[in-house]
Amino acid sequence: MTPSVLFVCLGNICRSPLAEAAMKAEAARLGLDVEIESAGTGGWHVGDPPDPRAQATARRHGIDISGYRGRQVKAEDFRHFSHIVALDADNLANLKRLQPKDGTASLSLLLDHAGRPGQSVADPYYGDDAGFEVTWREVSAGAAGLAKALTA
Ligand code: 4NP
């Protein structure tokens, strides 16, 4: 069965779109067949493109995410995706609360897959461009570990 991964942060305009982009790049590099999306637990940015700083960060790493659009996590996601990967502990807690009884997705934290179990990717929204570069490094490490696990 083709694995499928949904990355989830709060707004779906900073961290989870970058995780989606990093994972798509890693999957392409490895020739891995995997469905990849992102979403937010909050609904403020539904239909919005990623934050301009997130777009610029992805572009610096050769990836165009200008076509991504924000969406909110829905009950069906817990039945559809094999893996739902939270960017931080608050969002993981919210996902556990939202998970329907018949949900089958395996829930984890992104940095669990980067040798940093239990750690959160900090929200760069109120910071500067350097913060977004830290986010990129962290989501890239998580995506690499997750992609490796999916190929094993
Ligand atoms: P994200 O960052 O969860 O990484 O997309 C945020 C972006 C916007 C908001 C919160 C977090 N907001 O409250 O609008």
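The values are calculated or read from the model by the stated rules, or taken from the named source; none is laboratory data. Not measured: the values here are computed from a predicted model. FYI the Cβ positions are ideal-geometry reconstructions off the backbone, even for glycines, and counts take in every protein chain you see.
On inspection, D90 qualifies as assigned to a helix (DSSP H, G or I), farther than 21 Å from A149 by Cα and of a type outside the set (S, T, N, Q).
Summed over the stretch 134-147, the residues that are in contact (Cβ under 8 Å) with a residue 60 or more places away in the chain and over 12 Å from A25 (Cα atoms) give a count of 4.
Could you identify the single residue in E20, E35 that is among the charged types (D, E, K, R) and either closer than 17 Å to D88 by Cα or surrounded by 19 or more Cβ atoms within 10 Å (Cβ to Cβ) (or both)? Steps first, please.
Details: E35 fails: either closer than 17 Å to D88 by Cα or surrounded by 19 or more Cβ atoms within 10 Å (Cβ to Cβ) (or both).
Just a single option satisfies the conditions, and that option is E20.
Residue pairs whose Cβ atoms lie under 8 Å apart, separated by 6 or more positions or on different chains, with the first residue in the stretch 62-89 and at negative phi and among the acidic types (D, E) and the second in a strand (DSSP E or B) and at pLDDT 95 or above, are D77/L6; D77/A39; D77/I84; D88/C9; D88/L109. When L32, L6 are screened for being modelled with pLDDT of 95 or more and over 12 Å from A86 (Cα atoms), only L32 passes.
Within the stretch 119-146, restricting attention to residues that are assigned to a loop (DSSP other than H, G, I, E, B) and within 12 Å of the ligand (Cβ to nearest atom), the residue that is modelled with the lowest pLDDT is G127. Beta carbons closer than 9 Å, at least 6 apart along the sequence or on distinct chains, pair a first residue in the stretch 26-50 that is among the hydrophobic types (A, V, I, L, M, F, W, C) with a second that is at pLDDT below 95 for L30/T151; L32/T151; V34/T2. Summed over the stretch 79-115, residues that are among the acidic types (D, E) and under 17 Å from G142 (Cα atoms) total 2. With a requirement of 1 or more residues that are closer than 21 Å to L98 by Cβ and within 13 Å of the ligand (Cβ to nearest atom), the helices (runs of 4 or more DSSP H) lying completely within the stretch 1-86 that satisfy it span 15-30.
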